[in-house]
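Working notes, beginning with the structure itself.
The values are calculated or read from the model by the stated rules, or taken from the named source; none is laboratory data. Because the structure is a prediction, the values reported are computed rather than measured. Because the Cβ atoms are built from the backbone with ideal geometry, glycine has one as well, and the counts that use them run over all protein chains shown.
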Amino acid sequence: MSTYNHWFIRARLKTRQLLLLVALAEEGNIHRAAQVLSMTQPAASKLLKDLEDVLEVPLFERLPRGMRPTWYGETMIRHARMALASLNQAHDELNALKTGHFGQVGVGAITSPGLSLLPPAVAQVKQAHPSLRISLDIETSPVLLDRLDQGKLDIVVGRLFAEHDKTHLRYESLTEEKVSAVTRPGHPLMGVSRLSLRDVHGAGWIVPPAGSVLRHRFDLMFQQEGLPPPINTIETSALLFMTRMLQQSDMVGVLATEVANYYASHGLMAILPMDMPCHMDAFGLITRTDRLLSPAAKVMMKALKQISMVQYGRRLELD
């Protein structure tokens, strides 16, 4: 028989201590934190002191008008949030099973795989398991990774950059992302043969916001051709605005090719016949190595990997 000798068992760590850590982080005051948790301030103070005594570190600085987490406190708060999110997920899954549902899974994706990979994968899962609850987020990679860290998502289809903490992340690459220039159908540039960057340099451009990877590579693309980056620009990542703006003007937009193909297939945009040498980094499947996937998440992951073989020719190991 296995012997469970985890520190939190020896310390008799209480769920209310985890709740108190999170409440203190959000309220910044032990009196308000105690009110949120429906306990007295002395009881809250004792819970915190007991935890600090067991850990042998101060978790909060006592200030004249509140409390501020120490580095030790920040660490415990982060893990408390994850533990509570996991317990909430367990409760939700149990309730779902009791009511005849298969379970639930949260998936996040950047726009390109959100249009091409997720719909067929979700359709496959729903066909096999109609009662499985699926929640989807389409966002930037940093936002999605933050939600994955908080336990709000089970699987992310996105990118990892140098600044991301990869300690507890598993990444399986899917494909690189090509970029296209798009316009309204019937745009005068659509009739130009052998279109080059010099031909479009003077156009008005709808571009990603400054500071984004694609914007940096877009500007660099012109500089490598000996041209300054276009100055007649609108900065936005809102696809609905870009679509409408292109239809009402002669501006040119820059989009991931998969996204551009989707809008072009519906007649909302046209893809300019020119090379755009500013490819994005590869994206892939991202999960946490310090958490087990739920049965529902495993079903979704299997579908994503199966569809990725069709979409990208990328064969991944099926767990």
Among the residues of the range 108-125, are any outside the structural domain of R12 (by TED's automatic domain parsing), over 30 Å from E163 (Cα atoms), β-branched (V, I, T) and in contact with a helix residue (DSSP H, G or I) (Cβ under 6 Å, 6 or more places away or on another chain)? yes
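What number of residues within the range 232-286 satisfy the criterion of being in a helix (DSSP H, G or I) and not charged (D, E, K, R)? So that I can check it myself, show each step before the final result.
Step one: filter the range 232-286 for residues in a helix (DSSP H, G or I), giving 239-247, 257-265.
Adding the requirement that they be not charged (D, E, K, R) leaves 239-243, 245-247, 257, 259-265.
Residues in the range 232-286 being in a helix (DSSP H, G or I) and not charged (D, E, K, R): 16 in total.
For (1) touching a Cys at 6+ places or on another chain (Cβ under 9 Å); (2) modelled with pLDDT of 90 or more; (3) over 25 Å from E139 (Cβ atoms), each residue gets a yes or a no:
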position: G211; (1), (2), (3): no, no, no
position: G226; (1), (2), (3): no, yes, yes
position: P230; (1), (2), (3): no, yes, yes
position: T233; (1), (2), (3): no, yes, no
position: Q248; (1), (2), (3): no, yes, yes
position: V254; (1), (2), (3): yes, yes, no
Out of the range 152-179, which residues are touching a Ser or Thr at 6+ places or on another chain (Cβ under 6 Å) and under 22 Å from T75 (Cα atoms)? H168, R170
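Per-residue answers, yes or no, for (1) under 21 Å from R68 (Cα atoms); (2) assigned by TED's automatic domain parsing to the domain that holds R65; (3) modelled with pLDDT of 90 or more:
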{"site": "M1", "(1), (2), (3)": "no, no, no"}
{"site": "A11", "(1), (2), (3)": "no, yes, no"}
{"site": "Q17", "(1), (2), (3)": "yes, yes, no"}
{"site": "G28", "(1), (2), (3)": "yes, yes, no"}
{"site": "A34", "(1), (2), (3)": "yes, yes, yes"}
{"site": "T40", "(1), (2), (3)": "yes, yes, yes"}
{"site": "A43", "(1), (2), (3)": "yes, yes, yes"}
Can you work out which of the residues in the range 218-276 that are touching a residue at least 40 places away in the same chain (Cβ under 8 Å) and among the charged types (D, E, K, R) is surrounded by the most Cβ atoms within 10 Å (Cβ to Cβ)? E258
Considering each residue of the range 166-203, count those that are assigned to a loop (DSSP other than H, G, I, E, B), touching a Pro at 6+ places or on another chain (Cβ under 8 Å) and surrounded by 13 or more Cβ atoms within 10 Å (Cβ to Cβ), and give that number. 3
